[in-house]
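Undergrad: One structure, pasted below without further comment.
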Amino acid sequence: MTRVDEGQIWRARIRPHRILRDGAHFIGVGALQLALDSAIYIALTRIGLALVLANVCGRAAGACCGFWLNGRVTFLHRTQPRVHVRLLRYLALWIGLTLISTGALAAIADAGGLARSWWAKPLIEGALGVTSFLLSRHWVYQR
């Protein structure tokens, strides 16, 4: 029996060209999610809906779009778990990131006003996108 180096196994699982391709697709899908999420958040808070509820609504709309597109475009080449397993993992990730996003937006709105939170929303979501990519690639869409 041939002994296999753990480094060889690790390098075989993480190919640089796949990470770059996945990352580029994730950024494209994420831009659509961000635009939808931010537009809904701004529109709902502008008409007077509470910040927390508006952020959850915006993120939920973006999440529906992102779950489907990332499964069909970004991570299609992977052997994926069944849809209900992916969905449960995605929901767990989404809840955690939504709590962080909502907390950050609330703190910004309290300190600088609602309009400042509108400008901060894309920055916060963009920063959370790095975490989302890594967890999506290695957990949500991974068998």
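Here, each number is a calculation from the coordinates, and none is a lab measurement. If you're wondering where the values come from, they're calculated on a predicted model, not measured in any experiment. Cβ placement follows ideal geometry from the backbone for every residue including glycine, while neighbour counts extend to all protein chains displayed.
Undergrad: Taking only pairs six or more apart or across chains, which ones have beta-carbon atoms under 6 Å, a first residue in the stretch 109-133 that is farther than 19 Å from Val56 by Cβ, and a second residue that is assigned to a helix (DSSP H, G or I) and of a type in the set (A, V, I, L, M, F, W, C)?
TA: Close Cβ pairs satisfying both conditions: Arg116/Ile108; Phe133/Phe26.
Undergrad: Report, by residue number, each residue of the stretch 89-115 that is of a type outside the set (A, V, I, L, M) and surrounded by fewer than 13 Cβ atoms within 10 Å (Cβ to Cβ).
TA: Asp110, Gly112, Gly113
Undergrad: Those residues that are of a type in the set (Gly, Ala, Ser) and in contact (Cβ under 8 Å) with a residue 12 or more places away in the chain, I need them from the stretch 29-51; list them, please. Steps first, answer last, please.
TA: To start, the set of residues in the stretch 29-51 that are of a type in the set (Gly, Ala, Ser) comprises 30-31, 35, 38-39, 43, 48, 50.
Matches in the stretch 29-51: Gly30, Ser38, Ala39.
Undergrad: Here is a follow-up. Working carefully through the options Arg143, Arg86, Arg137, Arg59, find the one that is loosely packed, with under 13 Cβ neighbours inside 10 Å and in contact (Cβ under 8 Å) with a residue 40 or more places away in the chain.
TA: Going through Arg143, Arg86, Arg137, Arg59 in turn, just one is loosely packed, with under 13 Cβ neighbours inside 10 Å and in contact (Cβ under 8 Å) with a residue 40 or more places away in the chain: Arg143.
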